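Below you'll find the structure, written out as structure tokens, and then a few comments.
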Amino acid sequence: MKIKLVKELMVPLSEYATVNEEDTLKKAIATLKETQTQNDPKQYKHRAVLVYDKNKNIVGKVSAFDVLRALEPKYCHIGEPEQMSKMGLSRFGLSNDFLSSMLEQFCLWDESAEELVKKASSLKVKEIMYSLSEGEFVDENASIAEAIHQLILGHHQSLLVSKNKQVIGILRLSDVFKLVCDIMIK
């Protein structure tokens, strides 16, 4: 079997939803929706928006998790966004009763969901985006095996593909999984 390289499986940056860090969450969602409708319906839908700065460098992502977390601003009193996305409180054996009690203790979701959505839509992307770490970049000429290693150890949904330190695409876990499944059932 020929060794596949990351660049053969990545989604080019030009085909992915991107927004400026100064844009609103509403614009990010509109951009994501527009990009999803332009893509081949047989392909996995994009579920995140990449965020670029004033120098056109990709500096973050807005995922479904980030959007939902942004609806309730009081989540910031529980922990830093990066910690919250990694910790998954139920993984520590905390009961559903305890997790529910947090709703009361922190007065979470004390406004209607519609009102919270309306407020969140005007937030700047830079306020809610997930900032990228060094382990989320992979070189375009890396093997798929190397990328799988990074995805697993980092618990990432995607990796940014770079060429000469510039982001040129995104390697999604869903595309890697499809490749593995296709090879497995051949």
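The values are calculated or read from the model by the stated rules, or taken from the named source; none is laboratory data. Owing to the predicted nature of the structure, the values given are computational and were not obtained by experimental measurement. Backbone-built Cβ (ideal geometry, glycine too); neighbour counts: all protein chains shown.
Of note, Ser131 satisfies the criterion of being exposed (fewer than 15 other Cβ atoms within 10 Å of the Cβ) and modelled with pLDDT of 60 or more.
Residues in the range 28-70 that are over 22 Å from Lys118 (Cα atoms), at pLDDT below 90 and crowded, with 17+ Cβ neighbours inside 10 Å: His46 only. Kindly indicate whether any position in the range 107-115 is of a type outside the set (Ser, Thr, Tyr) and at pLDDT 95 or above. So far as the range 107-115 goes, no, none of its residues is of a type outside the set (Ser, Thr, Tyr) and at pLDDT 95 or above. Remark: Glu146 falls outside the filter, which requires a residue to be acidic (Asp, Glu) and modelled with pLDDT under 85.
Between Leu160, Leu171, the distinction of being under 14 Å from Lys61 (Cα atoms) and touching a Gly at 6+ places or on another chain (Cβ under 8 Å) belongs to Leu160 only.
Of all the numbered requirements in (1) more than 18 Å from the chain's Cα centre (by Cα); (2) surrounded by 16 or more Cβ atoms within 10 Å (Cβ to Cβ), Leu123 misses one, and that requirement is (1).
The residue that is nearest to the chain's Cα centre (by Cα), among those in the range 143-184 that are part of a strand (DSSP E or B) and of a type in the set (Ser, Thr, Tyr), is Ser158. Quick one: in the range 1-22, of everything that is in a loop (DSSP other than H, G, I, E, B) and touching a residue at least 24 places away in the same chain (Cβ under 8 Å), which residue is farthest from Ser122 (Cα to Cα)? Here the residue is Met1. Hey, could you check the range 1-11 for residues that are at pLDDT below 95 and not hydrophobic (A, V, I, L, M, F, W, C) and say which is farthest from Ser143 (Cα to Cα)? Across the range 1-11, the extreme among qualifying residues is Lys2.
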